[in-house]
Amino acid sequence: MSLAVLGLIGTGAHAVFTTSTTSSQTITAGTWGAPPTVAITYPVNNTTYGSNWTGSITGTASSNSGSGTSITAVSVAIEDTATGQWWNGTSFSATAQTFVTASGTTNWSLALAGSSLSTGDAYSVVAQATDSLGYVGTSSTVSFTYCLKTSPPTVIITYPVNNTTYGTNWGGAITGTASAGAGATISKVKVSIQQVGGSCWTGSGDTYTATCPNYVAVTSGTTNWSLTVPNSDLTSGDRYKVTAQATDSLGYIGTSSTVSFTYCLKTSPPTLTITASSGSMTYGGTVPTITPSYSGFVNGDTPASLTTAPTCSTTATSSSPAGPHPSSCSGAVDANYTISYVTGSVSVGPAPSSTVVTNSAPTGLSTSATFTYTATVSGPGVTPTGTVTWTLTGPGSPTCSASTLSGGLATCTITGVAVGSYTAKATYGGDTNYTGSSGQDNLSAYQFTSTLVQTVTVTTPGPTITVTSPGKGGPPRILGKVQPEIYVAAVGPWTLFSHQTVHLKIHLWGRRGTVTGTVKLLLGKTLLCAPKLANGRGRCTLSSSKIGRGRHYLLLMYSGSSQYLAVIHHVDVYVHSLAAPRTGR
């Protein structure tokens with residue numbers, strides 16, 4: 001009997017052998033297989049992860065042992081190559097390679113939270129899959145680095161230049177640079193373009209309808225990137241704001257500073273007119289602050305958009321003469337505008353003046369004497385100039401011609417004095433720096449009415465007092481002062497007996513207000529009392545024993561003040577030698 005191998009039907013399936021003597025027979029010789037295929041799909045080999053770590057390791061597996069077989073289990077071994085420790089399912093603490101069972105079979109995953117990884121460490125991952133025939137397949141090893149960092153990538157817009165106007169010279173693209181920190185790379189860059197006062201670019205044509213910000217992927221590049229924006233996608237006269245974002249391989253996002261530019265198809269930028277404010281002040285007063293006003297801003301620009309703001313001033317000072325003085329602005333800078341200036345004006349008006357009239361009248365004048373009125377005109381600055389006119393009233397109808405100020409003074413002289421009231425009004429007409437003003441002085445010449453002797457000189461304890469009276473009908477005595485009235489009343493009899501006393505109430509008053517000073521009552525040169533006036537009143541007590549028997553003419557003397565004349569009044573007192581009083585005076 002002979003045996004022959006007719007053929008191999010298939011590998012890993014069934015083989016059929018035949019034998020022949022007198023007949024043929026089919027037998028099953030057995031089955032065999034091959035290890036399954038297993039692959040790691042995440043993480044990607046030689047990649048750095050950080051905040052973008054997904055939290056699990058994933059992959060696929062398939063059986064190679066023919067139909068009817070399947071993957072029954074997948075396990076994963078992970079090593080922290082920086083420490084040599086292996087993942088045991090809860091921590092990196094195993095000292096030898098340890099496979100941890102994953103979830104799933106043909107599509108499997110193993111949870112590995114980012115909190116279980118150490119920033120800056122490198123890891124290696126290998127997976128094993130087992131099929132239903134017990135075959136085990138092993139994946140290729142995948143390496144990755146885990147790195148958390150705090151700084152996002154840096155992204156800069158290099159074109160267009162901030163606050164610049166473009167037209168036919170528009171470059172056709174927005175460009176810039178981006179850089180990532182250690183252990184990361186730039187993965188993508190996007191740009192948002194906003195039409196100032198409106199919406200954002202959709203990324204197609206001259207269409208600005210997207211809600212801002214709307215980031216559009218750049219046309220090309222990462223570290224050096226470019227976004228194509230042709231002239232046709234811009235509108236002449238509009239202003240735009242551009243912002244870029246860069247994302248690194250660890251998932252961090254960095255945002256650029258915003259760049260603004262204007263697109264205008266004109267040969268020159270728009271004109272911005274800056275006008276200096278005007279104001280007013282009085283001569284010698286405070287100079288008003290000069291401020292700019294603007295006309296011609298476009299595309300939502302404001303004074304804050306200027307590269308350099310203007311400075312404004314005026315030539316007027318507190319000592320500038322009355323009249324107009326220019327104000328101006330200068331120094332503004334903005335490449336988007338042609339800047340022009342308009343001047344203003346500060347009007348300096350005359351300041352108010354003050355006129356004070358005084359007189360040189362002495363305390364005694366004869367009818368042939370003269371006295372002078374002086375008008376003093378003043379103001380807050382330089383000495384006033386101009387003319388003073390005089391209006392006079394008084395005995396004899398006095399007059400004075402208009403006089404020119406000299407050193408701020410003007411004078412008027414009156415010759416010959418008569419009894420009566422004099423009034424002098426000085427009216428200043430003003431000059432360039434001052435408005436007009438007026439002042440007035442009133443004084444009177446009074447006839448002294450005492451009937452006593454011309455001059456009485458009394459030496460008392462203290463200073464010597466001399467009071468001169470011209471007597472009734474004498475020449476005018478005092479100019480500018482008035483004579484007080486004197487009233488003396490007795491509390492008790494005017495006619496005294498021995499050892500009696502009388503109390504004198506003395507009252508002085510006048511039309512210039514309260515009479516002040518001291519009065520003295522004398523008997524010859526003997527001072528009997530010297531009461532000080534209080535509200536124009538004084539009090540004196542006389543004793544008959546002090547003045548002696550007989551009739552006495554006592555002198556009541558008032559020495560005068562700045563407002564009142566000195567006067568003499570007599571008091572008649574009679575003292576009897578009788579021991580007992582009698583009625584009557």
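The values are calculated or read from the model by the stated rules, or taken from the named source; none is laboratory data. Keep in mind that this is a model prediction, so the values were computed, not measured. A quick note on method: Cβ atoms are made from the backbone with ideal geometry, for glycine too, and the neighbour counts reach across all protein chains shown.
Things worth noting here:
- Of all residues in region 129-152, at least one satisfies being among the aliphatic types (A, V, I, L, M) and touching a helix residue (DSSP H, G or I) at 6+ places or on another chain (Cβ under 9 Å).
- Here Tyr263 fits the description: in contact with a Leu (Cβ under 9 Å, 6 or more places away or on another chain) and aromatic (Phe, Trp, Tyr).
- Gly349 vs. criteria more than 30 Å from Gln563 (Cα to Cα) and among the small types (Gly, Ala, Ser): yes
- Strands (runs of 3 or more DSSP E) enclosed by region 386-435 - at least 1 residues per element that are of a type in the set (D, E, K, R): 420-428
- Residue list for region 299-323, filter: surrounded by 13 or more Cβ atoms within 10 Å (Cβ to Cβ), over 16 Å from Thr164 (Cα atoms), of a type outside the set (Val, Ile, Thr) and more than 21 Å from the chain's Cα centre (by Cα): Ala316, Ser318, Ser320, Pro321, Ala322, Gly323
- Comparison of Ser118, Ser132, Ser103 shows that the only residue that is among the polar types (S, T, N, Q), surrounded by fewer than 18 Cβ atoms within 10 Å (Cβ to Cβ) and at pLDDT 95 or above is Ser103.
- Residue, nearest to Ser421 (Cα to Cα), within region 484-531, restricted to residues that are at pLDDT below 70, of a type outside the set (Val, Ile, Thr) and assigned to a strand (DSSP E or B): Ala490
- Residue match in region 102-115 (condition: assigned to a strand (DSSP E or B) and of a type in the set (Ser, Thr, Tyr)): yes
- Beta carbons closer than 8 Å, at least 6 apart along the sequence or on distinct chains, pair a first residue in region 523-543 that is in the same structural domain as Gly510 (by TED's automatic domain parsing) and farther than 14 Å from Lys505 by Cα with a second that is assigned to a strand (DSSP E or B) and polar (S, T, N, Q) for Lys525/Thr459; Ser543/Thr501.
- Within region 45-79, the residues that satisfy the criterion of being under 22 Å from Gln97 (Cβ atoms) and hydrophobic (A, V, I, L, M, F, W, C) are Ile57, Ala61, Ile71, Ala73, Val74, Val76, Ala77, Ile78.
- Some residue of region 174-192 being more than 27 Å from Thr48 (Cα to Cα) and modelled with pLDDT under 95: no
- Members of region 120-173 that are hydrophobic (A, V, I, L, M, F, W, C), more than 30 Å from Phe261 (Cα to Cα) and assigned to a strand (DSSP E or B): Ala122, Val125, Val126, Ala127, Ala129, Val136, Val142, Phe144
- Evaluated against (1) free of Cβ contacts under 8 Å to residues at least 40 places away in the same chain; (2) surrounded by 19 or more Cβ atoms within 10 Å (Cβ to Cβ), Thr83 falls short on exactly one condition, (2).
- Being farther than 22 Å from Gln195 by Cα, touching a helix residue (DSSP H, G or I) at 6+ places or on another chain (Cβ under 9 Å) and among the aliphatic types (A, V, I, L, M) is a property that holds for Ala309.
- Members of region 127-153 found to be under 18 Å from Thr247 (Cβ atoms) and without any contact (Cβ under 8 Å) to a residue 24 or more places away in the chain, listed by number: Thr150
- Residues in region 544-556 that are in a strand (DSSP E or B) and out of contact with any His (no Cβ under 8 Å at 6 or more places or on another chain) were compared, and the one that is farthest from Val488 (Cα to Cα) is Gly550.
- Matching entry among Ile156, Ile186 (being in contact with an Asp or Glu (Cβ under 6 Å, 6 or more places away or on another chain) and touching a residue at least 60 places away in the same chain (Cβ under 8 Å)): Ile186
- Selection within region 39-69: residues that are surrounded by 13 or more Cβ atoms within 10 Å (Cβ to Cβ) and of a type in the set (A, V, I, L, M, F, W, C). The member of this set that is modelled with the lowest pLDDT is Trp53.
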